[in-house]
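> This structure is in structure tokens; I'll ask about it shortly.
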Amino acid sequence: EAQVTQNPRYLITVTGKKLTVTCSQNMNHEYMSWYRQDPGLGLRQIYYSMNVEVTDKGDVPEGYKVSRKEKRNFPLILESPSPNQTSLYFCASRGIAGGLDNEQFFGPGTRLTVL
Amino acid sequence: QQQVKQSPQSLIVQKGGISIINCAYENTAFDYFPWYQQFPGKGPALLIAIRPDVSEKKEGRFTISFNKSAKQFSLHIMDSQPGDSATYFCAASRNSGAGSYQLTFGKGTKLSVIP
């Protein structure tokens, strides 16, 4: 089954304690992205990657890091989480070959609470 | 600068009625306009999408209307059902140039269909 998986699905942590949210896709997609979803603000892009070792900032990158060492994985790293990073996070992937109409698939989400 | 503006923020429709959600964009380089549907506790999923070379696309009860000159597009849900209750996001993307393949999302519309 084609899918994007994220782990963990729920996480409660404390300010300053480094954490990583993993994301993996099994569709051989080149493009991967992280979003955060907050009430009234919709989906805002944090970082994206066009392929292995190619990453770039989205609209709200402050306080986050990413890496793309393998095509299927795109972890999101919070080195020193703060309460304003409490949010619902989504990983997504999209194929590029074949053109723009390729569907973007989203993972199930990770609900993060930073105390 | 919000590149895709979506309205209304919330919408209540009676079963059997028509739900209409509107979006407006600013960047004339956008050439792909998808709509995503998100149920509580789930990631967004592609519902229907349109390219600017057509003015309308219909899939079952869901129709996208596109007005290129006005830079507006809308989602119409005919014969709305309680199972359509979800949050709907419009989005826009471009196929070339800076930011290719990045989806810019509207802030979402929470639709409630009441029996």
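Bear in mind that the values in this text are calculations on the coordinates, not laboratory data. This is a predicted model, so every value here is computed, not measured. Because the Cβ atoms are built from the backbone with ideal geometry, glycine has one as well, and the counts that use them run over all protein chains shown.
> Enumerate by residue number the trypsin sites (Lys or Arg not before Pro) in the range B:58-115 meeting two conditions: DSSP loop (anything except H, G, I, E, B), and at most 14 other Cβ atoms within 10 Å of the site's Cβ.
B:Arg61, B:Lys68
> Averaged over peptide B:101-112, how many Cβ atoms belonging to another chain are found within 10 Å of each residue's Cβ?
5
> Show which lysines lie in cross-link reach of A:Lys69 when reach means a straight Cα distance below 17 angstrom and same-chain residues fewer than eight apart are skipped.
A:Lys57
> Give me B:Ser65, A:Ser82 ranked fewest to most by other Cβ atoms within 10 Å of their Cβ, as a rough exposure proxy.
Sorted ascending by nearby Cβ count, the order is A:Ser82, B:Ser65.
> Something else about it: Relative contact order (percent) for chain A, with alpha-carbon contacts under 8 angstrom and 6 or more residues of separation?
35
> Follow-up. Would you mind calculating the relative contact order of the range B:36-79 from Cα pairs under 8 angstrom and at least 6 residues apart, reporting the percent as a whole number?
That works out to 24 percent.
> If you don't mind, there's one more thing I want to ask. Quick one: order A:Thr22, B:Thr28 by neighbouring beta-carbon count within 10 Å, fewest to most.
Neighbour counts put them in this order, fewest first: B:Thr28, A:Thr22.
> Using a Förster distance of 35 Å, how high is the FRET efficiency between A:Ile96 and B:Lys15, based on the Cβ-Cβ distance and rounded to 0.05?
0.30
> Also: When only Cα pairs under 8 Å and 6 or more residues apart are kept, what is the percent relative contact order across chain B?
Computed value for chain B: 36 percent relative contact order.
> Tell me which lysines have Cα within less than 20 Å of A:Lys17's Cα, excluding those fewer than 8 residues away on the same chain?
The qualifying lysines are A:Lys65.
> Can you list the lysines whose alpha carbon sits under 20 Å from that of B:Lys5, skipping same-chain ones fewer than 8 residues off?
Cross-link targets: B:Lys68, B:Lys71, B:Lys107, B:Lys110.
> Please report A:Cys91, A:Cys23 as a ranked list, fewest other C-beta atoms within 10 angstrom at the top and most at the bottom.
So the ranking, lowest neighbour count to highest, is A:Cys23, A:Cys91.
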